[in-house]
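Take a look at the structure set out below.
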Amino acid sequence: MISSITDSVSENNTIQGYLLYYTSLAALLILLIFYSGANAQQASEIVQKAHEKMQGKSSRAEITMQIVRPNWQRSISMKSWSMGEDYSLILITAPARDEGTAFLMRENEIWNWLPNVNRTIKMPPSMMSQSWMGSDFSNNDLVRESSIVTDYTYKLLSDSTINGYECYRIEMTPKPEAPIVWSKVISFISKDDYLQLRAEYYDENSDLVRVMTGSEIAELDGRLLPTRMEMNPMKEQGQKTVVTYQDIAFDIDVSESFFSIQNMKRID
């Protein structure tokens, strides 16, 4: 009788132990799922804030691009206009041989106007990862076919410090359907002002291919921004491309009709 009672108590303790274990495990899994979702949401919000600060609802900018190679250098001046995620226009203003060349993104279509040969070219998706005007930036970087906000999933990593700025470090992984060649991008965004100070681009083998750094922080149109963006390819010694913002205006008065093939040909 005593043995039977002892066995019953032992069995009940074992059952309670299993229940406690699985209840704790379920609670832990729920907590991990919640944390993962909160982590992704926070990372997404950080990227969104940095993007909106740099782009605004619409913008107009004057930019200089310096292409540096071991044996030569080239400077390109341009004007750019954008509206939201779907519309942008870039006009080359110098050097003289490229003056008037324009690039237009209108929703899912990308166009290039070549005034020297009086020709408009519709750019296929296969060209988006190619070099823009011989620089270390791609067509996609400048014309923005892919969206930093909608084409990635996000994960917060450990914090980092860039040039004295405490930064969020965020892993951005392209969604399967996104037109992006990178396996991941690690983005460094300052905590105080949401400044994009560094971005690391990795290929499908997880090798670091190029690094973009933002510097020379200054106020443009009431916003504190990095006015110098430098792109460095990791496998090319003595090679880089530097983009400098001379001026920028946000939330300008512009409409969809501005971003047309006809306007691309005549804008100045």
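Go through region 119-130 residue by residue and turn each phi into a ³J(HN,Hα) via Karplus (6.51, -1.76, 1.60, θ = phi - 60°); whole Hz please, and just put x for glycine and proline.
9, 10, 10, 8, 8, x, x, 5, 8, 5, 8, 7
With the crude spin-label approximation of a point 7 Å out along Cα→Cβ, what separation in nm comes out for Glu62 versus Asp207?
4.2
List the GluC sites (Glu not before Pro) within region 51-150 that fall in a DSSP loop (any state other than H, G, I, E or B) and whose Cβ has at most 11 other Cβ atoms within 10 Å.
Taking region 51-150 and a limit of 11 other Cβ atoms within 10 Å, the loop GluC sites (Glu not before Pro) found are Glu107.
Rounded, prolate or oblate: pick one for region 104-193, where a ≥ b ≥ c are the square roots of the eigenvalues of its C-alpha gyration tensor, a/c under 1.5 means rounded, and failing that, prolate if a/b is larger than b/c, else oblate.
prolate
Exactly which trypsin sites (Lys or Arg not before Pro) in region 128-233 are in a DSSP loop and have at most 16 other Cβ atoms within 10 Å?
Numbers: sites: Arg144, Lys155, Arg169, Lys184, Lys191, Arg198, Arg210, Arg223, Arg228; in loops: Arg144, Lys191.
Listed in order of number, the matching sites are Lys191.
Which ³J(HN,Hα) values, rounded to whole Hz and listed in residue order, are derived for region 170-181 from phi using the Karplus coefficients 6.51, -1.76 and 1.60 in 6.51 cos²θ - 1.76 cosθ + 1.60 with θ = phi - 60°, glycine and proline given as x?
10, 8, 10, 10, x, 5, x, 8, 6, x, 10, 8
Mind checking the dipole of region 88-220: about its Cα centre, +1 per Lys or Arg Cβ, -1 per Asp or Glu Cβ, Debye to the nearest 20?
Computed charge dipole of region 88-220: roughly 340 debye.
Given a Förster distance of 35 angstrom, what is the FRET efficiency for Asn108 paired with Glu236, based on the Cβ-Cβ distance and rounded to 0.05?
The pair Asn108/Glu236 has a calculated efficiency of 0.65.
Express in nm, to one decimal, how much length is gained between Glu99 and Leu224 on full extension, taking 0.36 nm for each residue of separation and deducting their alpha carbon distance.
42.0 nm
Give the residue list of GluC sites (Glu not before Pro) in region 166-241 that are DSSP loop and have at most 15 other beta-carbon atoms within 10 angstrom.
Here the sparse-neighbourhood loop sites are Glu177, Glu204, Glu236.
Taking 30 Å as R0, compute the FRET efficiency from the Cβ-Cβ separation of Asn118 and Ser77 and round it to 0.05.
Here the calculated transfer efficiency is 0.85.
When only Cα pairs under 8 Å and 6 or more residues apart are kept, what is the percent relative contact order across region 56-131?
Here the relative contact order equals 18 percent.
Read-outs throughout are calculated quantities, based only on the coordinates presented, and are distinct from any laboratory measurement. Small disclaimer: the values here were computed from a predicted structure and weren't measured. Backbone-built Cβ (ideal geometry, glycine too); neighbour counts: all protein chains shown.
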